[in-house]
Amino acid sequence: MKILAINGSPRGSRSQTLRLVQAVLDGARSAGADVEVVDVSNLQIEYCTGCQVCYERGECIMEDDFVELYQKMLESDGIVFGSPNYINSVTGQIKTMLDRMADAIHCQAFIGKYGCAVATAGGSRADEVVDYLNGVLRTLGATTVGGVGVVLGGDPEGAMVPAEERASELGKRLAEAIAKKETDPEQEQFHAEMQIRMRALVTANKDRWHHEYDYWKAAGRIP
């Protein structure tokens, strides 16, 4: 099984978020997964302009690093998103990446994949960032298995050590869910409703969104 982690922190090797991401991967590796981490801040990813070309052709007009990163996501069984809390949300670097994934949402391209999220914060709302990232994964079609958020406060190391232990267990949990192809009734209902919504949207625009309509037809989701 392949698990890809995407770290949204711009702090490089100094990133506490990266420590959590690495702990998740360490746990997943110990459970038999092949793992990789990508630091999105090292990539050139342009802003989405809302041109909708990806809906029509299945490709983006931007020539940057997003295409290769997205292909890595599609080839993975599990996805880990990590970000620090920057003014009550994810970093601009990871949000720019996510904004390029509207076509993936329309196609529900992560159906059958699993995911989880981690986040750090100086003072508050780390769990809200975790919830946001897990929500994105579910919106893309993935089943999420949990998350770890840690508020560093005045003792970052004291907060990080137990958080890394929890993150390692999360990684093991992710690998286990992939291996067993686990399902969650509540998330299955959410995915079913998303497929109904996206099928209706794509079908209503089939004369323009040729790629997405063909994708759904090929996947057997449109009669």
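The values are calculated or read from the model by the stated rules, or taken from the named source; none is laboratory data. This one's a predicted model, so the numbers in the text were calculated from it and none came from an experiment. Here the Cβ positions follow ideal geometry from the backbone for every residue, glycine too, while neighbour counts run over all protein chains shown. Only protein heavy atoms, including side chains, enter the accessible area calculation; ligands, DNA and RNA are left aside. Shrake-Rupley method; radii C 1.70, N 1.55, O 1.52, S 1.80 Å.
Among residues of the range 133-147 that are without any contact (Cβ under 8 Å) to a residue 40 or more places away in the chain, those with a Cβ under 8 angstrom from a residue that is part of a helix (DSSP H, G or I) and open to solvent by 30 Å² or more (accessible area, probe 1.4 Å), sequence gap 6+ or separate chain, pair up as Leu140/Ile105; Val145/Arg173; Gly146/Arg173; Gly147/Asp127; Gly147/Asp131.
Scanning the range 113-131 for residues that are crowded, with 21+ Cβ neighbours inside 10 Å and either over 20 Å from Met1 (Cβ atoms) or touching a Pro at 6+ places or on another chain (Cβ under 9 Å) (or both) yields Ala119, Thr120, Ala121, Ala126, Val129, Val130. Note on the range 96-135: among residues that are aliphatic (A, V, I, L, M) and assigned to a loop (DSSP other than H, G, I, E, B), the one that is nearest to Val40 (Cα to Cα) is Met101. Scanning the range 33-71 for residues that are open to solvent by 60 Å² or more (accessible area, probe 1.4 Å), within 30 Å of Arg208 (Cα to Cα), of a type outside the set (A, V, I, L, M, F, W, C) and assigned to a helix (DSSP H, G or I) turns up Glu56, Arg57, Glu68, Gln71. The residue that is most open to solvent (accessible area, probe 1.4 Å), counting only those in the range 137-156 that are at pLDDT 95 or above, assigned to a helix (DSSP H, G or I) and not basic (Lys, Arg), is Thr139. For the range 41-78, the set of residues classified as without any contact (Cβ under 8 Å) to a residue 60 or more places away in the chain, out of contact with any Leu (no Cβ under 7 Å at 6 or more places or on another chain) and more than 18 Å from Ala102 (Cα to Cα) consists of Ser41, Asn42, Gln44, listed by residue number. Scanning the range 164-214 for residues that are over 21 Å from the mean Cα position of the chain (by Cα) and assigned to a helix (DSSP H, G or I) yields a total of 12. Pairing each residue of the range 108-119 that is under 15 Å from Tyr70 (Cβ atoms) with any residue that is among the β-branched types (Val, Ile, Thr), provided the two are 6+ apart or on different chains, yields C-beta distances under 6 Å for Gly115/Ile79; Gly115/Thr144.
Of the listed requirements (1) in contact (Cβ under 8 Å) with a residue 12 or more places away in the chain; (2) surrounded by fewer than 14 Cβ atoms within 10 Å (Cβ to Cβ); (3) among the hydrophobic types (A, V, I, L, M, F, W, C), Val161 misses just one: (1). Scanning the range 60-88 for residues that are closer than 27 Å to Asp131 by Cβ and among the charged types (D, E, K, R) yields Lys72, Glu75, Asp77. Mind telling me which of the residues Glu193, Glu212 ends up being surrounded by 11 or more Cβ atoms within 10 Å (Cβ to Cβ) and charged (D, E, K, R)? Going through Glu193, Glu212 in turn, the sole match is Glu212. Quick one: would you say Asn134 is of a type outside the set (Lys, Arg) and open to solvent by 20 Å² or more (accessible area, probe 1.4 Å)? Against the criterion (of a type outside the set (Lys, Arg) and open to solvent by 20 Å² or more (accessible area, probe 1.4 Å)), Asn134 does not qualify.
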